[in-house]
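Worksheet for the structure shown next.
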Amino acid sequence: MGTLAGRTALVTGGSRGIGRGIAERLGREGALVAVHYGSNREAAEQTVKVIRADGGRAFAIGAELGLPGDAQALWAAFDAALAEHGEGATGVDILVNNAGINAHGRIHEVTEADYDRVFAVNVKAPFFIIREGLDRLRDGGRIINISSGVTRIAFPSITAYAMTKGALDTLTLTLAQDLGARGITVNAVNPGIVATDINPWLADAEVRAQVSAYSVFGRVGEAADIADVVAFVASDDARWVTGQTLDATGGSMLGV
């Protein structure tokens, strides 16, 4: 029996990259995992197949984030799929707000439309997903927000993106205070540079070597590095940890 047996998890953006790594890891720990996708159903179904092939339980749900009514649409899809695949399960124990988009550009290069879009997906969506999900989230549950090391390390080339992650860190802190009476922990996990298909530029050996040097370990992160931290935060072992931002950058830029 895994550490999360009998629990239900929802991972937004769970079809690719870090989200997929998290979904697969929670599945191996015994959780029933709802793998959310925005548009790539095929990728989500593939993640579900991997979890099931590994002995876990999972199902896919789709809802495009960053649009009016996105949180309601996501939870409606979750409720319907859980009724079909949940084997009598109701509600959710672990909510991982992982879905997000980037917004490249220094402040003078970011358009108002770019700004609105990145905040809609990265800040507004998780805020209302949590709000609409509070009645489904069981006491003693876990909310885990995937933030970023850019809240600690200055990267002017992604200023708007960094601002959204700073907002997530603040949301984490305030919700931990608000939901503590229900035994719900709220934490953020802040990755650094991670080798996933959404960072194809890491295929350039020279660039990869340069960014690998950011970490004290001399490499870029892997999805499993982040997923393992999330699995800990989701477990009973982390019951006394809340309102925290867990740096999962591999010690990036510590000497700067």
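The values are calculated or read from the model by the stated rules, or taken from the named source; none is laboratory data. What you see is a predicted model; the values in this text were computed from it and never measured. Backbone-built Cβ (ideal geometry, glycine too); neighbour counts: all protein chains shown.
Could you identify the single residue in GLY14, GLY19 that is in contact (Cβ under 8 Å) with a residue 60 or more places away in the chain, closer than 25 Å to PRO191 by Cα, out of contact with any helix residue (DSSP H, G or I) (no Cβ under 6 Å at 6 or more places or on another chain) and crowded, with 24+ Cβ neighbours inside 10 Å?
After applying the criteria, what remains is GLY19.
This table checks each residue for (1) more than 15 Å from the chain's Cα centre (by Cα); (2) modelled with pLDDT under 95; (3) more than 18 Å from GLY105 (Cβ to Cβ); (4) buried (at least 16 other Cβ atoms within 10 Å of the Cβ).
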residue	(1), (2), (3), (4)
SER148	no, no, no, yes
MET163	yes, no, no, yes
GLN177	yes, no, yes, no
ALA181	yes, no, yes, no
ILE184	yes, no, yes, yes
PRO200	yes, yes, yes, no
VAL207	yes, yes, yes, no
VAL220	yes, no, yes, yes
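Give, as residue ranges, the helices (runs of 4 or more DSSP H) completely inside region 152-256 that count at least 2 residues that are under 27 Å from GLY141 (Cβ atoms) and touching a strand residue (DSSP E or B) at 6+ places or on another chain (Cβ under 7 Å).
Filter on region 152-256 gives 159-179, 223-234.
Got at least one residue in region 35-51 being in contact (Cβ under 8 Å) with a residue 40 or more places away in the chain and either among the hydroxyl-bearing types (Ser, Thr, Tyr) or not in a helix (DSSP H, G or I) (or both)?
Within region 35-51 (the criterion being in contact (Cβ under 8 Å) with a residue 40 or more places away in the chain and either among the hydroxyl-bearing types (Ser, Thr, Tyr) or not in a helix (DSSP H, G or I) (or both)), the answer is yes, since at least one residue qualifies.
Among residues belonging to region 184-243 that are among the basic types (Lys, Arg) and in contact with a helix residue (DSSP H, G or I) (Cβ under 7 Å, 6 or more places away or on another chain), point out the one that is farthest from GLY91 (Cα to Cα).
ARG208
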